[in-house]
Amino acid sequence: MKTRIRELRRLHGWTLKVLAERLATTPQTIHRLETGTVSVSTDWLERFAKVFGVAPAELIGSAETRGTVELLGELGRNGQLRLESCWHEPFKLDVPAVRPVAVRVQEQIGPYPRGAILIGNRLEGPDLAAIRSCDALVAVDDATVLLRRLIPSGVGQFILVPFAADGDIHYDVVPRWVARLIMRVEYL
């Protein structure tokens, strides 16, 4: 049975060892379950679902139809669809996140244009340790979420760098959660 265990583990930024520790098993067992060498029982599905914070069905849910758009083919240089290229194959638009969150940009912020939708993968608690320097939505407290360049500065602490030269830099912030940006959607 094909599962999304490896995909979700990687989205969390966990190694085999980290996931194994969270499930009280060995990295070898996790590898076997990820690759399908060993069948995944319903007990294992429930254990993985609890650790990943998803429903068990999401671990085996088919990615075949999720976010699928019909691909009509290729446009030639003149802007016309080339009939011989009409594959009618599905084109996947998949959001690679376990806990996706999104915001719409009201005014240009650094490289992010007005109207763009920014999508991030929300992480919190011990998962923050896996975050490296990146652009992210950062919940400083219950009422404040900022878009900043995030730089780790210590265990669970970050420096938040604004995109504007006149913005304030926040040092040694311990965020409630962080959503590393993974996708930008722009409407034409």
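The values are calculated or read from the model by the stated rules, or taken from the named source; none is laboratory data. Computed from a prediction, not measured in an experiment: that's the story for all the values here. Cβ coordinates were reconstructed from backbone atoms using ideal geometry, including for glycine residues, and neighbour counts include every protein chain displayed. What goes into the accessible areas is simple: the full protein's heavy atoms, side chains included, and nothing from ligands, DNA or RNA. Shrake-Rupley method; radii C 1.70, N 1.55, O 1.52, S 1.80 Å.
Provide Rg over Rh for region 101-154; use the alpha carbon set for both Rg and the Kirkwood Rh (inverse mean inverse pair distance). Could the numbers behind the result be given before it?
Numbers: Rg = 11.9 Å, Rh = 12.3 Å.
Reported Rg/Rh (Cα atoms, Kirkwood Rh): 0.97.
Over all other residues within a Cβ to Cβ distance under 15 Å of ALA116, the charged ones net out to 0, with Lys and Arg as +1 and Asp and Glu as -1.
Remark: region 137-186 carries a charge dipole of roughly 240 debye about the Cα centre, counting +1 on each Lys and Arg Cβ and -1 on each Asp and Glu Cβ. Near LEU33, once Lys and Arg are set to +1 and Asp and Glu to -1 for all other residues with Cβ below 11 Å from its Cβ, the sum equals +3. Amide H contacts of SER153: PHE158, ILE159, each under 5 Å away and 5 or more positions distant or on a separate chain (H built 1.01 Å from N in the peptide plane; Pro and chain starts excluded). Taking a Cβ cut-off of under 15 Å around GLU46, the surrounding Lys, Arg, Asp and Glu residues balance to a net charge of +2, with basic ones at +1 and acidic ones at -1. Apolar share of the accessible surface for region 87-176: 54 percent from carbon plus sulfur atoms, 1.4 Å probe.
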